[in-house]
Amino acid sequence: MSNRTESYLVGLVGDGVMPSLTPPMHEREGDVQGLRYLYRPIDLVELGLPGDSVGELLRSARNLGFNGLNITHPCKQLVLQHLDEVTPDAVRLGAVNTVVIDGGRFIGHNTDFSGFAAALSSGLPGARLDRVVQLGAGGAGSAVAYALLTAGVRHLDLVDMDAARSAARAAELAGFFPDSTVVARTTAELPQLMPLADGLVHCTPVGMAAHPGVPLDLELLESRHWVADIVYRPIDTELVRGARAKGCEVLDGGRMAVGQAADAFRIFTGLEPDPDRMRSHFLELVAAEEVAA
């Protein structure tokens, strides 16, 4: 367990991480808790480094006294071979986004899945989880699907443009969760799937500022559905706005972003963050970005 007299030096390794809102979220929470907490982006694009330099960066961070690193694209899988220990959930996911440096050892965690699980629990308490449709089975989608099944989803329809990817992921998840049903589906099946579903989770880039639009026909949504998006730039995606207009309960993408940051803060410091306070700060940061844009 850490104490408040320590200082913390943390970093984020990945492509294009300079605009990330994770560093200011961590630093603000550290400030409020009375910590000396410094969080630095380590941008591979800015440094001209490939993804497979992550091992060298880990060792440099250890030598420079870092307490840990968050890891993002394209290094979440590449980092695995450099770790001394990996949590069971991260092993199953085949991806690590948080590495603690403890006594010279590298210990890998995955807070993408736990962050979404926390977001679902706090943002949509009591949501029905009998049957859920998920759009997108990529890296983030894998973590979200794992979180949904961990939360008790009994039937998960996994929809992806890449049929081979969704089939492989569905088979893998079905092996991890034998009491649940996981089925790979196509977008053409959505008109048949949505009337059976309790909720919809969106895990593709559609709706991001650079990829405007909606990932499905909004006519398929009913007011009884709950809808979760993991896109948070903008926070009110076209899907989120459309679902709200239909009367759906909605979970915006900021919830997962805050959830994974809060979990990482806890792992790095051993101290309990305040997720509501972190969300308030996150929404301030997003609003400031939108005003600047």
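The values are calculated or read from the model by the stated rules, or taken from the named source; none is laboratory data. Given the structure is predicted, the values throughout are model-derived calculations rather than measurements. Heads up, the Cβs are rebuilt from the backbone with ideal geometry, glycines too, and the neighbour counts pull from every protein chain shown. For the accessible areas, the whole protein counts, side chains as well, though only heavy atoms, and no ligand, DNA or RNA atoms are used. Shrake-Rupley method; radii C 1.70, N 1.55, O 1.52, S 1.80 Å.
Scanning for something under 30 Å from residue 284 (Cα atoms), out of contact with any Gly (no Cβ under 9 Å at 6 or more places or on another chain), modelled with pLDDT of 95 or more and aliphatic (A, V, I, L, M), does region 44-64 turn up at least one residue?
Start the filter on region 44-64 by keeping residues that are under 30 Å from residue 284 (Cα atoms), which leaves 44-47.
Of the ones still in play, those that are also out of contact with any Gly (no Cβ under 9 Å at 6 or more places or on another chain) are 47.
Cutting the leftovers down to modelled with pLDDT of 95 or more gives us 47.
This time we only want the ones that are aliphatic (A, V, I, L, M), so: 47.
Scanning region 44-64 turns up at least one residue that is under 30 Å from residue 284 (Cα atoms), out of contact with any Gly (no Cβ under 9 Å at 6 or more places or on another chain), modelled with pLDDT of 95 or more and aliphatic (A, V, I, L, M).
Which members of region 64-77 meet the condition of being part of a loop (DSSP other than H, G, I, E, B) and of a type outside the set (Val, Ile, Thr)? Before the answer, list the steps.
Filtering region 64-77 for residues part of a loop (DSSP other than H, G, I, E, B) gives 64-67, 72-77.
Within region 64-77, 64, 65, 66, 67, 73, 74, 75, 76, 77 qualify.
Identify the residue in region 257-293 that is charged (D, E, K, R) and closer than 24 Å to residue 90 by Cβ and, among all such residues, is most open to solvent (accessible area, probe 1.4 Å).
So in region 257-293, the residues charged (D, E, K, R) come out as 263, 266, 272, 274, 276-277, 279, 284, 289-290.
Then drop every residue that is not closer than 24 Å to residue 90 by Cβ, which leaves 263, 266, 272.
Values: 263: 23, 266: 77, 272: 119 Å².
Within region 257-293, the match that is most open to solvent (accessible area, probe 1.4 Å) is 272.
Where residues in region 97-109 are over 17 Å from residue 20 (Cβ atoms) and assigned to a loop (DSSP other than H, G, I, E, B), which of them is least open to solvent (accessible area, probe 1.4 Å)? Break it down stepwise before answering.
Let us first name the residues in region 97-109 that are over 17 Å from residue 20 (Cβ atoms), namely 100-109.
Still in the running and assigned to a loop (DSSP other than H, G, I, E, B): 103-104.
On the way: 103: 80, 104: 32 Å².
Per the criteria, the residue is 104.
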Can you pull out every residue in region 259-293 that is touching a Leu at 6+ places or on another chain (Cβ under 8 Å), closer than 25 Å to residue 103 by Cβ and part of a helix (DSSP H, G or I)? 265, 269
Which residue, of 147, 119, 90, 61, is closer than 18 Å to residue 259 by Cα, open to solvent by less than 10 Å² (accessible area, probe 1.4 Å), in a helix (DSSP H, G or I) and touching a residue at least 40 places away in the same chain (Cβ under 8 Å)? 119
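When region 168-194 is examined, which residues are found to be closer than 24 Å to residue 89 by Cα and either open to solvent by less than 50 Å² (accessible area, probe 1.4 Å) or touching a Phe, Trp or Tyr at 6+ places or on another chain (Cβ under 9 Å) (or both)? Spell out the reasoning first.
Taking region 168-194 first, the residues closer than 24 Å to residue 89 by Cα are 168-184.
Result: 169, 170, 173, 174, 176, 177, 180, 182, 183, 184.
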Search region 244-264 for residues being touching a residue at least 40 places away in the same chain (Cβ under 8 Å) and out of contact with any helix residue (DSSP H, G or I) (no Cβ under 6 Å at 6 or more places or on another chain), and hand back the single one that is nearest to residue 30 (Cα to Cα). 257
What's the total number of residues in region 9-50 that are in contact with a Phe, Trp or Tyr (Cβ under 8 Å, 6 or more places away or on another chain), assigned to a strand (DSSP E or B) and surrounded by fewer than 20 Cβ atoms within 10 Å (Cβ to Cβ)? 3
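Just to be sure, is residue 112 part of a helix (DSSP H, G or I) and surrounded by fewer than 24 Cβ atoms within 10 Å (Cβ to Cβ)? Full working, then the answer.
Working: part of a helix (DSSP H, G or I): yes; surrounded by fewer than 24 Cβ atoms within 10 Å (Cβ to Cβ): no.
For residue 112, the condition - part of a helix (DSSP H, G or I) and surrounded by fewer than 24 Cβ atoms within 10 Å (Cβ to Cβ) - is not met.
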Of the conditions (1) at negative phi; (2) out of contact with any strand residue (DSSP E or B) (no Cβ under 8 Å at 6 or more places or on another chain); (3) open to solvent by less than 60 Å² (accessible area, probe 1.4 Å), residue 197 fails just one. Which one is it? (2)
Could you please let me know if residue 127 is more than 23 Å from residue 26 (Cβ to Cβ), in a loop (DSSP other than H, G, I, E, B) and open to solvent by less than 30 Å² (accessible area, probe 1.4 Å)? yes
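Is there a residue being surrounded by fewer than 18 Cβ atoms within 10 Å (Cβ to Cβ) and either outside any loop (DSSP other than H, G, I, E, B) or of a type in the set (D, E, K, R) (or both) anywhere in region 201-209? I'd like the intermediate steps shown before the answer.
The initial filter retains those residues of region 201-209 that are surrounded by fewer than 18 Cβ atoms within 10 Å (Cβ to Cβ), namely 205, 208-209.
Now narrow it down to the ones that are either outside any loop (DSSP other than H, G, I, E, B) or of a type in the set (D, E, K, R) (or both): none.
No, region 201-209 contains no residue that is surrounded by fewer than 18 Cβ atoms within 10 Å (Cβ to Cβ) and either outside any loop (DSSP other than H, G, I, E, B) or of a type in the set (D, E, K, R) (or both).
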Residue in region 81-88 that is under 29 Å from residue 286 (Cβ atoms) and modelled with pLDDT of 95 or more present: no
